[in-house]
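Participant: Got a structure here, written out as structure tokens. Questions coming.
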4 protein chains.
Amino acid sequence: MIRVLVFNEFQHEKDPNCRASTIYPEGIHTAIAGFLNKEADLTVKTCTLDDKNCGITEAVLKETDVLLWWGHMAHHRVPDEVAELVYREVNNGMGAVFLHSAHKSKPFMRLMGTDCSLIWRESDDLERIWTTTPSHPIASGLPPYFELPGEETYGEAFGIPTPEDIVFMGWFEGGEVFRSGCTWRRGHGRVFYFQPGHETYPTYYDENVQRVIRNAIRWAAPVYRVQNSMDCPNPPRVHHWGK
Amino acid sequence: MIRVLVFNEFQHEKDPNCRASTIYPEGIHTAIAGFLNKEADLTVKTCTLDDKNCGITEAVLKETDVLLWWGHMAHHRVPDEVAELVYREVNNGMGAVFLHSAHKSKPFMRLMGTDCSLIWRESDDLERIWTTTPSHPIASGLPPYFELPGEETYGEAFGIPTPEDIVFMGWFEGGEVFRSGCTWRRGHGRVFYFQPGHETYPTYYDENVQRVIRNAIRWAAPVYRVQNSMDCPNPPRVHHWGK
Amino acid sequence: MIRVLVFNEFQHEKDPNCRASTIYPEGIHTAIAGFLNKEADLTVKTCTLDDKNCGITEAVLKETDVLLWWGHMAHHRVPDEVAELVYREVNNGMGAVFLHSAHKSKPFMRLMGTDCSLIWRESDDLERIWTTTPSHPIASGLPPYFELPGEETYGEAFGIPTPEDIVFMGWFEGGEVFRSGCTWRRGHGRVFYFQPGHETYPTYYDENVQRVIRNAIRWAAPVYRVQNSMDCPNPPRVHHWGK
Amino acid sequence: MIRVLVFNEFQHEKDPNCRASTIYPEGIHTAIAGFLNKEADLTVKTCTLDDKNCGITEAVLKETDVLLWWGHMAHHRVPDEVAELVYREVNNGMGAVFLHSAHKSKPFMRLMGTDCSLIWRESDDLERIWTTTPSHPIASGLPPYFELPGEETYGEAFGIPTPEDIVFMGWFEGGEVFRSGCTWRRGHGRVFYFQPGHETYPTYYDENVQRVIRNAIRWAAPVYRVQNSMDCPNPPRVHHWGK
């Protein structure tokens, strides 16, 4: 059983002037939890910016196998301590999946060490998402490409460290390309970034997007986990010669 | 002084029914040598499939710093021995730049170890080429993106080993994306692949394309070169203990 | 059920003057098949240089999930066609595990594109093998390090493409270091190289070595496999705008 | 002219009970500046923990091409703001070279996103440093290996992101191996980590160590630099078709 925790800042959806309030009336986290809850091997919890400390404590993360993160307009309201906790627990072996505008979230930037910048535009571009590494577990069951009729445009240069695998690349009607699905190992944990998911489009109801997220969770589930990877052990010298 | 050798199969250009015969009447190699010869730090030679053994011998490669390769319809007519010589000399430290349809050339495939497959289409698509790693020496002086009004479309999944750097990514009007500028180290040598350059378009007269090729040559020029990297030395044991 | 094929050149073991004849009287392949056959999820076949075409045909590889390869003194007697078949089927999705002196085997070199050279010495050095990526599936269940009382020494610089993961690194009593366990993706297939296993030492009876090989087989088992990755599809253009 | 800034915490050297006070009476930074000042293409400044804000401001970094960093016992006394400034300016294009125990310094950890842990021991082990990528500019002029008669032992598993290049690997008499010279790109900047340099050994007087540091500075010097890479541009849509 993989224990999933979905964090969502849950701001746009509460704004009646934002399309998100119609598309995701109960929040993006609830929509994501909705399709994940149909999976027999997953148990899903959610938390938001409204929860104390974002609902994230060391104890909570120790009970989490894979953390999903959605944030956008309120990155700055996530305490630095929460980013630090996530960074530490990923290094201990917890998996993490960062969605869409979470590229500028504190925990993602903390794990990458780069600026995570990109170019962007809201112009209802069609996006076509190509599977660039079909043999990657996260691409399992995905077609050569699939389309989203409208998405926020994200474009290169994307300020990330060279990904270990680029599983998906995005093509936008307006002329942009993007490394849309990228993996990294950080310490003992695995990190996946997935670009689609702007709050004003029903992206998380898309069957292919849901499949990618399910695959990513299974891929990121820990295979090795420690209590505290920050320690540097000081083992004794073992002599093998001059005996 | 960087010694450049440009190999071109030189077939399409001799076919009066092919647009290439009008665009590159003296061959793609001559067009490339033309703009390279304006550079004070480069000396340029060319060779083609018409030359004995493609004009490539071990001695010729030992006198070459960077080899450029263009091939398409006649890959199979390049002797296996030529591919082997290129593979060996790159490992010894020679640089190599593979252009457009050279993705399926024998020497490139020999160096990659993969199928180097892609999807393709000839439909006069506009291509927009994005600079994804602006700090890479091959991107020096290039804008965030530049366009070619028509190119052969190449699309993912591109069957290459994970590149060390993706310097450029291509966007095609018809809906495809492509890792258009990629680098690898092979032994002591450096390899660059660059996607634009179909024979029926005047791509090699484009100022930005020329700049990429010049940059790539300077980047691929050897910094360390050996006579024969195939040998496995058998050094004696040096004791440091039990003294 | 993972279908494993173990290729061994089987030369040293038939030489009564070689220690291998005493340690592996029925061949290294038989020793490896011996411990693999205890696994419920593996079915194991073997083949050697004595078999016609090394026992390797396209049909045989299509029925193989993971190929293991041991070779040393008779690399040159493996037909080029066999190396070509292995290269193609790995790109189609078959897994491959190359053992010890197989670093200079034709199929491994064909997949790497480099010289695969190293320095070496036979001086009965103790080797200590460090787990450098404990969260990698191939490291599952392995300790921080384990030792082999005697091994052939292999040392850097090892002429391989930058590995995707370095799972193990070797330390040798005589002063050498080596990237002893390395992974690469080639096309749709996964490749693992593992350095220990000289014919004059009982390395393949070592419990940790056996665990590494079992882990590597499970890791390299195909998740995506195609009939022929060499083809370049030519899909039609799909218009999305007013042309 | 490459503008170098050497930061050293400068604590051990002021402790009369520490060997460092005899070996580096004026501080490690002064020793490093000493051999760098002999280079015609370098201008060198130094700063320490005694300086206000470690001597590091945004303005100072904007005038720095490559920052060297040595720290150990007082990592915690470096303000978080200083680490943030270094992280930002590396992403803007500044080069950074982290020496020895700086693996646990705030700016290095900020750039890596991992725990940067390792195993260690002080037992006067001889270290032998192997050149694993002889064609890398940082290895220019270095022999296949060189030795330091005594160093602090650092061992794997080293908790870093997969390096882009492993230029050097260390072998320690007591049985450890280490990825001793590693490179990464972070944003537009280049980062190098180099393991030797414990304060109780005269490592920075070693000719080969000095050569590595000089090479690293020249390699890390910016080729592309921006004012503020944190911004995400929002360019307009450029239509190419009938919309």
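The values are calculated or read from the model by the stated rules, or taken from the named source; none is laboratory data. Model, not experiment: these values are computed from the prediction. Cβ placement follows ideal geometry from the backbone for every residue including glycine, while neighbour counts extend to all protein chains displayed. Just so you know, the surface numbers come from the protein's heavy atoms only, side chains and all, with ligands and any DNA or RNA stripped out. Shrake-Rupley method; radii C 1.70, N 1.55, O 1.52, S 1.80 Å.
Participant: Go through the range C:184-193 and count every residue that is crowded, with 24+ Cβ neighbours inside 10 Å and of a type in the set (A, V, I, L, M, F, W, C).
Facilitator: Qualifying residue count for the region: 2.
Participant: I've got another one for you. What are the residues in the range A:204-215 that are open to solvent by 20 Å² or more (accessible area, probe 1.4 Å) and either touching a residue at least 12 places away in the same chain (Cβ under 8 Å) or over 23 Å from residue A:127 (Cβ atoms) (or both), if any? Please lay out each step first, then the result.
Facilitator: Restricting attention to the range A:204-215, the residues satisfying the condition of being open to solvent by 20 Å² or more (accessible area, probe 1.4 Å) are A:205-208, A:210-211, A:214-215.
Listed by number, the residues that qualify are A:205, A:206, A:208, A:210, A:211, A:214, A:215.
Participant: Could you check how many residues of the range D:120-137 are among the β-branched types (Val, Ile, Thr) and outside any strand (DSSP E or B)?
Facilitator: Residues flagged as among the β-branched types (Val, Ile, Thr) and outside any strand (DSSP E or B) within the range D:120-137 amount to 2.
Participant: Of the residues C:152, C:173, C:147, which single one is more than 16 Å from the chain's Cα centre (by Cα), modelled with pLDDT under 95 and acidic (Asp, Glu)?
Facilitator: Numbers: C:152 fails: modelled with pLDDT under 95; C:147 fails: modelled with pLDDT under 95.
The unique qualifying residue is C:173.
Participant: Hey, can you tell me all the residues within the range B:138-157 that are farther than 26 Å from residue D:186 by Cβ and assigned to a loop (DSSP other than H, G, I, E, B)?
Facilitator: B:156, B:157
Participant: Residue C:201: touching a Cys at 6+ places or on another chain (Cβ under 9 Å) and either open to solvent by less than 10 Å² (accessible area, probe 1.4 Å) or part of a loop (DSSP other than H, G, I, E, B) (or both), yes or no?
Facilitator: Values: touching a Cys at 6+ places or on another chain (Cβ under 9 Å): no; either open to solvent by less than 10 Å² (accessible area, probe 1.4 Å) or part of a loop (DSSP other than H, G, I, E, B) (or both): yes.
Spelling it out, it is not the case that residue C:201 is touching a Cys at 6+ places or on another chain (Cβ under 9 Å) and either open to solvent by less than 10 Å² (accessible area, probe 1.4 Å) or part of a loop (DSSP other than H, G, I, E, B) (or both).
Participant: When the residues of the range A:62-82 are filtered to those that are hydrophobic (A, V, I, L, M, F, W, C) and touching a strand residue (DSSP E or B) at 6+ places or on another chain (Cβ under 7 Å), which remaining residue is farthest from residue A:42 (Cα to Cα)?
Facilitator: Here is the first cut: in the range A:62-82, the ones hydrophobic (A, V, I, L, M, F, W, C) are A:66-70, A:73-74, A:78, A:82.
Keeping just the survivors that are touching a strand residue (DSSP E or B) at 6+ places or on another chain (Cβ under 7 Å) gives A:66-70.
Working: A:66: 10, A:67: 12, A:68: 13, A:69: 17, A:70: 19 Å.
Applying the filter and picking the extreme gives A:70.
Participant: So, of the residues in the range D:221-242 that are within 14 Å of chain C (Cβ to nearest Cβ) and open to solvent by less than 80 Å² (accessible area, probe 1.4 Å), which turns out to be modelled with the highest pLDDT?
Facilitator: As a first pass, look at the range D:221-242 and keep what is within 14 Å of chain C (Cβ to nearest Cβ): D:237-242.
From what's left, open to solvent by less than 80 Å² (accessible area, probe 1.4 Å): D:237-238, D:240-242.
Details: D:237: 87, D:238: 76, D:240: 55, D:241: 53, D:242: 45.
It comes out as D:237.
Participant: How many residues are part of a strand (DSSP E or B) and in contact with a Leu (Cβ under 8 Å, 6 or more places away or on another chain) when one looks only at the range B:169-192? Step through it out loud before you land on a result.
Facilitator: Of the range B:169-192, the ones part of a strand (DSSP E or B) are B:169-172, B:177-186, B:189-192.
From the residues that got through so far, the ones that are in contact with a Leu (Cβ under 8 Å, 6 or more places away or on another chain) too are B:172, B:178, B:184, B:186, B:191.
The total comes to 5.
Participant: Right, next: From the set of residues in the range D:179-220 that are closer than 25 Å to residue D:31 by Cα and aromatic (Phe, Trp, Tyr), which is farthest from the other protein chains (Cβ to nearest Cβ)? Show your work before the answer.
Facilitator: Here is the first cut: in the range D:179-220, the ones closer than 25 Å to residue D:31 by Cα are D:179-183, D:190-220.
Imposing the further condition that a residue be aromatic (Phe, Trp, Tyr) reduces the set to D:192-194, D:201, D:204-205, D:219.
Details: D:192: 14, D:193: 13, D:194: 16, D:201: 16, D:204: 22, D:205: 21, D:219: 11 Å.
Filtering the range D:179-220 for residues that are closer than 25 Å to residue D:31 by Cα and aromatic (Phe, Trp, Tyr), the one farthest from the other protein chains (Cβ to nearest Cβ) comes out as D:204.
Participant: Of the conditions (1) surrounded by fewer than 23 Cβ atoms within 10 Å (Cβ to Cβ); (2) in a strand (DSSP E or B), residue B:218 clears all except one; give me its number.
Facilitator: Of the numbered conditions (1) surrounded by fewer than 23 Cβ atoms within 10 Å (Cβ to Cβ); (2) in a strand (DSSP E or B), the odd one out for residue B:218 is (2).
Participant: Oh, and also: Report those strands (runs of 3 or more DSSP E) wholly inside the range C:1-119 carrying at least 2 residues which are under 22 Å from residue A:135 (Cβ atoms) and open to solvent by 10 Å² or more (accessible area, probe 1.4 Å). So that I can check it myself, show each step before the final result.
Facilitator: On the way: elements: C:2-8, C:42-48, C:66-70, C:95-99.
Passing ranges, in order: C:2-8.
Participant: With respect to the numbered conditions (1) surrounded by 24 or more Cβ atoms within 10 Å (Cβ to Cβ); (2) more than 9 Å from every other protein chain (Cβ to nearest Cβ); (3) without any contact (Cβ under 8 Å) to a residue 60 or more places away in the chain; (4) under 22 Å from residue A:155 (Cβ atoms), which one is the sole condition not fulfilled by residue B:129?
Facilitator: Going through (1) surrounded by 24 or more Cβ atoms within 10 Å (Cβ to Cβ); (2) more than 9 Å from every other protein chain (Cβ to nearest Cβ); (3) without any contact (Cβ under 8 Å) to a residue 60 or more places away in the chain; (4) under 22 Å from residue A:155 (Cβ atoms) one by one, residue B:129 breaks only (3).
Participant: To continue, here is another question. Could you check, for the range B:156-167, whether at least one of its residues is more than 28 Å from residue C:112 (Cα to Cα), facing chain D (nearest Cβ under 10 Å), modelled with pLDDT of 95 or more and touching a Lys or Arg at 6+ places or on another chain (Cβ under 9 Å)?
Facilitator: Initial filter on the range B:156-167 (more than 28 Å from residue C:112 (Cα to Cα)): none.
For the range B:156-167, residues more than 28 Å from residue C:112 (Cα to Cα), facing chain D (nearest Cβ under 10 Å), modelled with pLDDT of 95 or more and touching a Lys or Arg at 6+ places or on another chain (Cβ under 9 Å): absent.
Participant: Sort through D:147, D:122 and tell me the only one that's facing another protein chain (nearest Cβ under 10 Å), open to solvent by 40 Å² or more (accessible area, probe 1.4 Å) and touching an Asp or Glu at 6+ places or on another chain (Cβ under 6 Å). Talk me through it step by step, then tell me what you get.
Facilitator: Details: D:147 fails: touching an Asp or Glu at 6+ places or on another chain (Cβ under 6 Å).
Just a single option satisfies the conditions, and that option is D:122.
Participant: Okay, next question. Can you pull out the residues in the range D:105-119 that are among the basic types (Lys, Arg) and more than 7 Å from every other protein chain (Cβ to nearest Cβ)? Lay out the reasoning, then the answer.
Facilitator: Residues of the range D:105-119 among the basic types (Lys, Arg): D:106, D:110.
D:106, the sole residue that qualifies.
Participant: For residue B:74, only one of the following conditions fails: (1) closer than 17 Å to residue B:222 by Cα; (2) out of contact with any Lys or Arg (no Cβ under 9 Å at 6 or more places or on another chain). What is its number?
Facilitator: (1)
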